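Asker: I am attaching a structure below and will ask some questions about it afterwards.
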Amino acid sequence: MIPPNWRYAWNNSADPRIVRAHTLADAALTARPRVTFSRPAGEGPVLAYGGLPQGLTHVLPFLEQRRGSASQRTHRGTSWTDLVCGRAAPGTDVLAVGMLHDRVPARLPRHSMLLPFRITLAVPVGTDPQEVLGRLSRKARQQHARELLSHSRTLEVATGEDDFAFFYDGMHRPTMVNRHGDAARSEDRESARVCLFQHGVLFFLRESGHRVAGMLCRLEGRTLVVRLAGVDGGSDHAYTSGTYLAMYVLILQWAAEHGLTQVDLSGCEPFLSKGIFQFKRKMHPEVGLPRNHFANKRLLLQVCRDNPTVRDFLAANPVLAFGRGQRLEAAYFHDADRPPRLDLRWKCPGVHEHRLVHLDDFLAGLAHPAQQTPAVRTNLP
């Protein structure tokens, strides 16, 4: 059995030697790529994902969740040539291809955009804990200050094995099951204990003396990496009560008090409709590429057919894409019937600008939606 520390390093380390080895392994394992088709049980676009296997954990489940319909999956082998040009996915509406950056064609296929495979969100911290509050909007600062007093919120640093068990079994696991069900992904218990708890800090947020939420973080030099989180019993209440935001703010302040320079909030898929992105954006993090093996991975998002459900899906899910000079920019899809989802905010350090992408222009040359039977629109507010 592979020791937990080795497995954790393989998946998360920024050591250039490990990143290089992981990249070589990815290239060898995907010499003959596979494509997975995801057909909705009801309305919605037909999705497909091919290439790097991590996309079956990180990308396709998110796209399926945003489609909002139960999925029927099938798989088949293919080649990189057919995958990149779209021939590998006949009958598909939207095709996502996970690939190493050196496989990206110099000229992207029509009707496609190049995205990071994942992004990371990090907050630099100074020596003054009060500067952390300056990263929040005035409304968020006022809410935090008000609820800090009214809920008697305090931050606890815990060090005992019983504390770890209380967090992992009573907070983290129930929260993952409640929020993500079968799609939940996390560190297994032993890896979390050995690689995070023994090399990091376990925080609890207390309200009137009671532990209501927790976060398990890893210390890497002067960076604190937020890795696992949870609320007592996995309750939904914390997601609407300001509990999580309060905990993040207090942890950022703790980091400033203890001489750390950065808090890595971890990452997510490059879509502005990702709830984690919109929530963590409140802390004005710096957006960039991960430092581990994901830095070498890209996501090619290609539209294969033009119909109402495809247009609904694209308009509802603006992306973070590579623009001029390989800088990240926010891209909002829209047309005459679908306004751009500008309520999904993009402004963060590291995202340099935003642009509006008219679907009539982006999808020019594909079958026009007026020639097809209208369908029920999905994922619109």
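Asker: Under 21 Å Cα to Cα from Lys297, which lysines show up? Leave out anything in the same chain fewer than 8 places away.
Answerer: Lys274
Asker: Over the range 261-348, what percent of the accessible surface lies on carbon and sulfur atoms, probe 1.4 Å?
Answerer: Looking at the range 261-348 in its full context, I get 48 percent from C and S.
Asker: Rounded to the nearest 500, what is the chain's calculated 222 nm mean residue ellipticity when only DSSP H runs of at least 4 contribute -39500 (n - 2.57) each, over all residues?
Answerer: Here the helix-only value at 222 nm equals -7500 deg cm²/dmol.
Asker: If the elastic network links every pair of Cα atoms under 10 Å, which of Leu205, Leu148, Leu314 fluctuates the most in the Gaussian network model of the chain?
Answerer: Checking each option, the largest mean-square fluctuation is seen for Leu148.
Asker: Along the charge dipole of the range 133-264, Cβ charges K/R +1 and D/E -1, which of Cys195, Tyr244, Gly134 sits furthest on the positive end?
Answerer: Most positive-ward Cα: Gly134.
Asker: Within 10 Å of each candidate Cβ there may be at most 10 other Cβ atoms; applying that plus a DSSP loop requirement, which trypsin sites (Lys or Arg not before Pro) in the range 67-127 survive?
Answerer: Passing sites in the range 67-127 are Arg107.
Asker: Let me know the Kirkwood hydrodynamic radius for the chain, please, with Cα pairs as the basis and the value in Å to one decimal. Don't skip to the answer; put the middle values down first.
Answerer: On the way: mean 1/r = 0.0452 Å⁻¹.
Across the chain, the inverse of the average 1/r is 22.1 Å.
Asker: Let me ask you something else. Which of the three applies to the range 231-321, rounded, prolate or oblate, going by the alpha-carbon gyration tensor with a ≥ b ≥ c and a/c under 1.5 meaning rounded?
Answerer: Judged from the Cα gyration tensor, the range 231-321 comes out oblate (a/c at least 1.5, b/c at or above a/b).
Asker: Then there's this: Have a look at His210, Thr30, Asn11 and report the one farthest towards the positive end of the charge dipole of the chain, computed about the Cα centre with Cβ charges (Lys/Arg +1, Asp/Glu -1).
Answerer: Result: Thr30, furthest along the dipole toward the positive end.
Asker: Where the eigenvalues come from the Cα gyration tensor of the range 10-115, what are the semi-axes √(5λ) of the equivalent ellipsoid, largest first, in whole Å?
Answerer: Listed largest to smallest, the semi-axes of the range 10-115 are 25, 17, 12 Å.
Asker: Between 0 and 90 degrees, rounded to the nearest ten: what's the tilt of helix 138-150 against the longest Cα principal axis of the chain?
Answerer: Compared with the principal axis, the helix lies near 40 degrees.
Asker: May I pose another question? Determine by what factor the alpha-carbon radius of gyration of the range 183-334 differs from 2.2 N^0.38 Å, reporting the quotient.
Answerer: 1.22
Asker: Report the charge-dipole magnitude of the chain in Debye, nearest 20, computed about the Cα centre from +1 at each Lys and Arg Cβ and -1 at each Asp and Glu Cβ.
Answerer: 800
Asker: I'd like to know which of Tyr168, Leu299, Val123 lies farthest towards the positive end of the charge dipole of the chain, counting +1 on Cβ of Lys and Arg and -1 on Cβ of Asp and Glu.
Answerer: It is Leu299, whose Cα lies furthest towards the positive end.
Asker: Please report, for the Cα atoms of the range 241-294, the Rg to one decimal and the Dmax as a whole number; what are they, in angstrom?
Answerer: Taking only Cα atoms of the range 241-294, I get Rg and Dmax of 12.4, 36 Å.
Asker: For the range 111-183, divide the Cα radius of gyration by the Kirkwood radius and give the resulting Rg/Rh value with two decimals.
Answerer: Ratio value, two decimals: 1.09.
Asker: Evaluate the range 93-252: find the radius of gyration of its Cα atoms, find its Kirkwood radius, and give the ratio Rg to Rh.
Answerer: Rg/Rh: 1.05.
The values are calculated or read from the model by the stated rules, or taken from the named source; none is laboratory data. Note that the structure is predicted; figures quoted are calculated from it, not measured. A quick note on method: Cβ atoms are made from the backbone with ideal geometry, for glycine too, and the neighbour counts reach across all protein chains shown. Side chains are part of the model used for accessible areas, which takes the heavy atoms of the whole protein and leaves out ligands, DNA and RNA. Shrake-Rupley method; radii C 1.70, N 1.55, O 1.52, S 1.80 Å.
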